[in-house]
1. Are any residues in segment 60-110 of a type in the set (Gly, Ala, Ser) and either exposed (fewer than 14 other Cβ atoms within 10 Å of the Cβ) or without any contact (Cβ under 8 Å) to a residue 12 or more places away in the chain (or both), and if so, which ones?
2. Identify the single condition in (1) touching a helix residue (DSSP H, G or I) at 6+ places or on another chain (Cβ under 7 Å); (2) modelled with pLDDT under 95; (3) hydroxyl-bearing (Ser, Thr, Tyr) that residue 421 does not satisfy, given that it satisfies every other one.
3. Output yes when any residue across segment 181-200 is under 21 Å from residue 117 (Cβ atoms), of a type in the set (Gly, Ala, Ser), in a helix (DSSP H, G or I) and modelled with pLDDT of 95 or more, and no when none is.
4. Kindly state which strands (runs of 3 or more DSSP E) lie completely within segment 771-863 and contain at least 2 residues that are farther than 17 Å from residue 678 by Cα and in contact with a Ser or Thr (Cβ under 9 Å, 6 or more places away or on another chain).
5. Checking residue 786 against (1) surrounded by fewer than 22 Cβ atoms within 10 Å (Cβ to Cβ); (2) among the acidic types (Asp, Glu); (3) within 44 Å of the chain's Cα centre (by Cα): exactly one of these is not met. Which one?
6. Can you tell me which condition residue 910 does not meet? The list is (1) among the small types (Gly, Ala, Ser); (2) under 29 Å from residue 825 (Cα atoms); (3) outside any helix (DSSP H, G or I), and all the others hold.
7. For segment 839-884, what are the residues that are under 17 Å from residue 661 (Cβ atoms), surrounded by fewer than 24 Cβ atoms within 10 Å (Cβ to Cβ) and among the β-branched types (Val, Ile, Thr)?
8. Hey, residue 382 hits all of (1) surrounded by 14 or more Cβ atoms within 10 Å (Cβ to Cβ); (2) out of contact with any strand residue (DSSP E or B) (no Cβ under 8 Å at 6 or more places or on another chain); (3) modelled with pLDDT of 95 or more; (4) over 30 Å from residue 479 (Cα atoms) but one; which does it fall short on?
Amino acid sequence: MNYSTIKLTPTQAEKFLIELFGIKGKAYILPGEIDLNFRIRVKNFDCYILKISRPNENEDYLDFQQKLLLHIQESKVNLNTPNVINDLSGNSISETIDNQGNKRYVRLISWIEGRLWSSVNPQLDDLRFSLGKKCGLITKTLQEFKHEQSTREFAWDIAKSLWTKKHLHLFSVDKKQIVSSFQQQFEAFQKSYVLLRKSVIHNDANDNNIIVSENLLQPKVKTLIDFGDAVYSQIINDVAVCCAYAIMHHNDPLEAALPIVRGYHSSLNLLEEELYHLYIAIAMRLVISVTKSEINKIEEPKNEYLLISEKPAWELLKKWHAISPDFAYFSFRAACGFTAHPNEQKFNHWASKQTISFTNLFPTINKKQIHLLDLSVSSSWIGHEKEFNDLDFFQFKINKLQKQVPYKIIAGGYLEPRPIYTSSEYDKIGNLGRESRTIHLGIDFWLPEKSPVHSLYDGVVITAINDSGNKEYGGLVILKHTEDSFEFYTLYGHLTVASATQHHIGDLIKKGDEIGKIGNHPENGNWSPHLHFQVMLSMLNYSIDFPGVAYFNQIDVWKSICPDPNLLFNFKELQHKQKISNEDLISFRKKHLGKSLRLQYKTPIKMVRGVGQYLMDQNGRKYLDTVNNVAHVGHEHYSVVKAGREQMALINTNSRYLHENIYDLAKELIETLPPELNVLHFVNSGSEANELAIRMVKAATGSREIIASEFGYHGNTNICIDISSYKFDGKGGSGVPEHTHIIPLPDSFRGKYRGTNTGEEYANEVKKCLERIKNEGKEVGGFIIEPIISCGGQIELPEGFLAEAYNLIRNAGGICISDEVQTGCGRMGKSFWGFQLHHVVPDIVTIGKPLGNGHPIAAVACTQKVAEKFANGMEYFNTFGGNPVSCAIATEVLRVVKREKLQENALHVGKFIKSELQKLAKEFPIIGDVRGQGLFLGIEFVDTKSNQIVEKTDYLANRMKDYGILMSIDGKDHNVLKIKPPLVFTKDNAIELLLYLKKILNEDFMKI
């Protein structure tokens, strides 16, 4: 039938509406596959949906839909489904004749206020859970509903989906293979599938049939509309339909499906045998969809609605085809509260009765005890990344440890989150950013090379290969074991290739037979000699290999598929120990640590390791760090760690003794500074540096009067708090102290003076302060400001402001201090120090955070004139300032900046980020300003009237954390995202940052 000849105009729909229902309203076309649907507005409010049938539609089929809605209405269950509106004659279905003489059936139902699922962004786990819950509740309500049309032959019924086999010829070869494989699987499962529970189900929870609440932060599914596809079919088919559409557009569709399944199960308990068929049922719904699209291209090429799901359906089908059906089944089981693997409890019960000793595994090794080796992400034993990646050094440490415990076998590893898998070969982009395999699924036993490994049980060889090609196992053997009511497998990895490949598939290995010999690198997968021993209850869809490491977000499923091998041995040393939970740590902090100590993020993270521009949590997840300017040259930079460690092994004392390290550091620093600034004092923190600078000002001028900027922050000592508007003007502060004088924040975007050429106006504010000080009969002491004001919101000082302010201060006899605690040491890109951006030379420079890369060392650089006046007879001494260890670390930090050209990196990467952020600002008006230099940038978020948006900024920072990117908020109104990462931050890191920023800026809550 030609679609263009059967469709109706909104004017025709309005005519039917008033004739049949006596309602005058405005009609707007809505999409639909069979019915012609119109949204009806009455007095500017959406009130109804008018559904007009195609010519000569089956009235019984329409009666089925109306009766179904009435059944739900009468059930008194609050499902928010549309209400049936009767016509002027009291009928729920009206008849009329169109302009071409065709009979049309017309129905009117109430409009459900809300958003279509297709318009909601993001669609997170809570929303998908609510979808499953609502769909399950609808099916539960319909279980007693009966109508003869519910059992009609219906192409969209998954139970009847094998009709698609007749249309395989419509697909290209590669697509045909995917479709055909799913059809064959579905056909093979028919014997058990046809016995599953049935009910009338909605059967069409697609993007345009799901109504979501208006709440942008916590959206929930309100209801489903359009029951035109409802049918009497297997209940699991409804779950499959619900999943099929809602998991489109996700990188990991299986993970996206689990909250839906969990939600459905919460309303209507799903049975284990039903879950077994869910994977293929989802696939067959997609097969119907893509087949229909191919047919519709021929039959109704102008009906674009019929093709709306074709591309995403194919994308999903390809991803779904790559997923192991068994792994999907186990995941569905876990989502519903069952053991992920159905035989887990059987195996555990059987294993608890075993009397196997691990000496059966190594009968030639005369050792009966275990020494637990911790290789987890939080282990201090494994040391630095460079060390555990050095196989010779790693083996040296193993040998040394073995000498300390000569009568024990070194072992461990089950469910350990390990950082040692540094290859990106198995990394993937999941639904929440990059994921790495970290969870170790077996037990490792460290033994000498060529140590024989023997079988614990009778078994059949199913894998015996050289796996050194992918560098995971080396020589690998997998045996299959059969017990009375279940099967399981044992895996032996890191064998010599010769000993592993001597076996053949199908060989019978008797209990006690030798399986192979432990290999050494490189043939054993580039590891030190050890056996990786693993137990599996399923091989999934693997035939010649099996994962020994899993993704953390799948741990509940993997630990069921791969139970603890120690169940066979029962060694206390190897029993999995529960570590302190994050909740317990939070509770302890609240009770015993200072009440003003604040944790980052609404859901805090426990960090246990740093690597370059990344931090790692206790589960091995890597977070891209865009905030931590303390780790100036990268978290745990090896040469910096080495410098501190080596010096600490020699001597660490105060600066009263001669030592070359303080000389080396002073020399390195002085080379970066203007020649006037050639006297150094070393302290422990930026706060100490600024406090000392203020003492110098008082000694040099005799004045206590300090001029500082609004929202400036200079440290947490008493003197520093007194000059930090960010603190004394904030919550808990007591206002400006007597000897502090504050100028307005020199912010050209939202400050007192706005736009270009505001430098002179803000400099005039310094002049006003000087005049007030003079009028009070006092003299100015000094002026302190950051070259880019950090806590104020990464505020770039207006052009010309700093030079003029310095002139004013100096002409009044004052001292100029540049606070470089956050901006120094190459971060600006264009210059090594922030003040150099403004072509000025301060009298004092304070240096803090960047200098020690996390180690507490800071410095004050000043002129000879200031230094001489400070040396007034009162000795300055700092017990730890300038100690040999701190100096060794700081010297290496400065040398790394130069050697690795990190200032140049800050310039180029910073320029790229800033230019791309400026492009985003044109696309997203919520970005009011992008500012900063090098890798010291700020993004200010405002509404359409340039007012701050605190809640949205906080939302964005927390959402970025969900994607594994750490960001933080600054600014006087807490509406600025700051970007000041370690200087090893790369362009690829920047691209990832920008990708997810844009993704979240597109979310509903971020719209203005």
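1. 89, 90, 101
2. Residue 421 satisfies all of (1) touching a helix residue (DSSP H, G or I) at 6+ places or on another chain (Cβ under 7 Å); (2) modelled with pLDDT under 95; (3) hydroxyl-bearing (Ser, Thr, Tyr) except (1).
3. no
4. Strands (runs of 3 or more DSSP E) meeting the threshold: 780-785.
5. Every listed condition holds for residue 786 apart from (1).
6. (3)
7. 879
8. (3)
The values are calculated or read from the model by the stated rules, or taken from the named source; none is laboratory data. Just so you know, these numbers come straight off a predicted model, no measurement behind them. Ideal geometry is used to build each Cβ from the backbone, glycine not excepted, and the neighbour counts take in all protein chains shown.
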